[in-house]
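Visitor: Supplied in structure tokens, the structure appears directly below.
What follows draws every value from the coordinates through simple rules; no lab data is involved. Worth saying up front: this structure is predicted, and the values here are computed from it rather than measured. As a convention, Cβ positions derive from the backbone with ideal geometry for all residues, glycine included, and neighbour counts pool all protein chains shown.
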Amino acid sequence: MTTAEPKVFIVDDDPAMRDSLRFMFTGTEVSVELYESAEAFLERFCPSMVGCIILDLRMRKMDGLQLHRKLRSSGSSLPVIILTGHGDVETAVSEMKYGAFDFFTKPVNREILLPRVREAIKEQLRHQAKEQESASILRKLASVSKRECEVMDLVALGHSNKQIAPILKLSERTVANHRARVLQKMEAPNSADLVRQLGIIGRVKPNSQG
């Protein structure tokens, strides 16, 4: 699966502020899109967007708080950096608790904002990579039969073929065959990698083996 180009989505109803923020990214590796309102951003929004939102807290009609919560309720994982006036710091702090990546009071300093934007984008890319890996693991898991799943779960708990055989009332050879098929279907080079994959999707707890 290809990853969309990371972008900074600036949502602010003040044209001068939008231009100022865009200028900050001149000469950087990050591309920028400008939106004059929350509604304008929502018209273009799609879940596959990658990057970071720089969001003004106070805007006409739908404000930044409403947009942030709407995005979160839709399952968006785009990191949100909030820009606020000094009188809105308490609100900005509450948005941090709700999942905002960071907030800054206006006017914002370029040397402070840019590193945080880069870190926010890195976090989004890490999240997307984890989501893609989880989806891949679930697709592979769908090909594992019910009996193979029973063997797999016991392998993940650290049981040997000899221990699994009486639990499932199977011969050791049959257990070994099931185990081999599970590793093949899950594209796991060994049991440790199998446990790692199952841990990613929450089927087993980390360090549950052995």
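Visitor: Do any trypsin sites (Lys or Arg not before Pro) in the stretch 30-67 lie in a DSSP loop with no more than 13 other beta carbon atoms within 10 Å, and if so, which?
Guide: Within the stretch 30-67, the qualifying trypsin sites (Lys or Arg not before Pro) (loop, at most 13 other Cβ atoms within 10 Å) are R60, K61.
Visitor: Take the Cα gyration tensor of the stretch 28-91, multiply each eigenvalue by 5, square-root it, and list the three semi-axes largest first, rounded to whole angstrom.
Guide: In descending order the semi-axes read 19, 14, 12 Å.
Visitor: From Cα pairs below 8 angstrom and at least 6 apart in sequence, can you work out the relative contact order of the stretch 3-68, rounded to a whole percent?
Guide: Once divided by the residue count of the stretch 3-68, the mean separation gives 43 percent.
Visitor: At 1.306 mPa s and 10 °C, plugging the Kirkwood radius over alpha-carbon pairs of the chain into Stokes-Einstein gives what diffusion coefficient in µm²/s?
Guide: Translational D for this selection: 79 µm²/s.
Visitor: For the stretch 7-128, what mean projected area does the convex hull of the alpha carbons give, in nm²?
Guide: The directionally averaged projection comes out at 6.8 nm².
Visitor: Next question, about the same structure. Let me have the 222 nm mean residue ellipticity of the chain computed from DSSP H runs of 4+ only, each contributing -39500 (n - 2.57), with the sum over all residues rounded to the nearest 500.
Guide: Here the helix-only value at 222 nm equals -16500 deg cm²/dmol.
Visitor: While we're on this one: Starting with the highest mean, order 156-163, 50-57 by the number of other Cβ atoms within 10 Å, averaged over the residues of each peptide.
Guide: The densest-packed peptide leads the list: 50-57, 156-163.
Visitor: Oh, and also: If the viscosity is 1.567 mPa s and the temperature 4 °C, what translational diffusion coefficient in µm²/s does Stokes-Einstein give for the stretch 143-200 when Rh comes from Kirkwood over Cα pairs?
Guide: 117 µm²/s
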